[in-house]
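Student: What follows is a structure written as structure tokens; I'll ask about it next.
The values are calculated or read from the model by the stated rules, or taken from the named source; none is laboratory data. Keep in mind that what you see is a predicted model, and the values were worked out from it rather than measured. Positions of Cβ are backbone-derived with ideal geometry, glycine not excepted, and every protein chain shown enters the neighbour counts. Ligands, DNA and RNA are stripped out before the accessible areas are found, and what is left, the full protein with its side chains, is counted by its heavy atoms. Shrake-Rupley method; radii C 1.70, N 1.55, O 1.52, S 1.80 Å.
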Amino acid sequence: VTLHLNPISSVHIHQKPLVFLLNSPLPLVWKLKTERLAPGVRRVFFVSLGSVVQFEKGNFSLSAETEEKFFPEKNEPLLQWAQKEYGAVTSFTELKISRNIYIKVGE
């Protein structure tokens, strides 16, 4: 699955840390494609067990962290875990089948 990340239209370059929980019932390869995300900013990708994140060429991967996690199976317990761990969830998307996911990051 290719995860396309770029800032909302009102943000020229996104310069804030990000945390993603990438959960799947089956192990996946998450291919990351980014536009206009500042280098050197901490970005964390938690993936379900057996999954990996592949980064594009460039220095984005130097400031990104990937960690495998055991996530709750159902959406509500997953949301509750994320809220407890990080204090807030700004976006939640559930897809049954997809090759590409487009996410706008920003305020």
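Student: Within the range 45-68, can you find the residues that are touching a strand residue (DSSP E or B) at 6+ places or on another chain (Cβ under 9 Å) and assigned to a loop (DSSP other than H, G, I, E, B)?
Tutor: Just the residues of the range 45-68 that are touching a strand residue (DSSP E or B) at 6+ places or on another chain (Cβ under 9 Å), to begin with: 45-56, 58, 60-61, 63-68.
If the condition is that a residue be touching a strand residue (DSSP E or B) at 6+ places or on another chain (Cβ under 9 Å) and assigned to a loop (DSSP other than H, G, I, E, B), then 49, 50, 51, 55, 56, 58 are the ones that fit.
Student: A further question follows. Does residue 37 qualify as being open to solvent by less than 30 Å² (accessible area, probe 1.4 Å) and closer than 13 Å to residue 100 by Cβ?
Tutor: On the way: open to solvent by less than 30 Å² (accessible area, probe 1.4 Å): yes; closer than 13 Å to residue 100 by Cβ: no.
In short, no.
Student: Sticking with this one: Could you grab me the full set of residues in the range 75-92 that are at pLDDT below 90 and not hydrophobic (A, V, I, L, M, F, W, C)?
Tutor: 85, 86, 87, 90, 91 - these are the residues of the range 75-92 that are at pLDDT below 90 and not hydrophobic (A, V, I, L, M, F, W, C).
Student: Give me the residue from the range 71-96 that is part of a helix (DSSP H, G or I) and without any contact (Cβ under 8 Å) to a residue 12 or more places away in the chain and, out of that set, surrounded by the most Cβ atoms within 10 Å (Cβ to Cβ).
Tutor: Taking the range 71-96 as the starting set, the residues that turn out to be part of a helix (DSSP H, G or I) are 75-86.
Still in the running and without any contact (Cβ under 8 Å) to a residue 12 or more places away in the chain: 76-77, 80-81, 83-85.
Values: 76: 8, 77: 11, 80: 13, 81: 15, 83: 11, 84: 8, 85: 12.
Among them, the one singled out is 81.
Student: Among the candidates 55, 45, which residue alone is open to solvent by less than 30 Å² (accessible area, probe 1.4 Å) and at negative phi? Step through it out loud before you land on a result.
Tutor: Working: 55 fails: open to solvent by less than 30 Å² (accessible area, probe 1.4 Å).
It is 45.
Student: Which of the residues spanning the range 75-94 are within 14 Å of residue 24 (Cα to Cα), among the hydrophobic types (A, V, I, L, M, F, W, C) and over 14 Å from the mean Cα position of the chain (by Cα)?
Tutor: Initial filter on the range 75-94 (within 14 Å of residue 24 (Cα to Cα)): 75, 78, 92-94.
Now narrow it down to the ones that are among the hydrophobic types (A, V, I, L, M, F, W, C): 78, 92.
The one that is within 14 Å of residue 24 (Cα to Cα), among the hydrophobic types (A, V, I, L, M, F, W, C) and over 14 Å from the mean Cα position of the chain (by Cα): 78.
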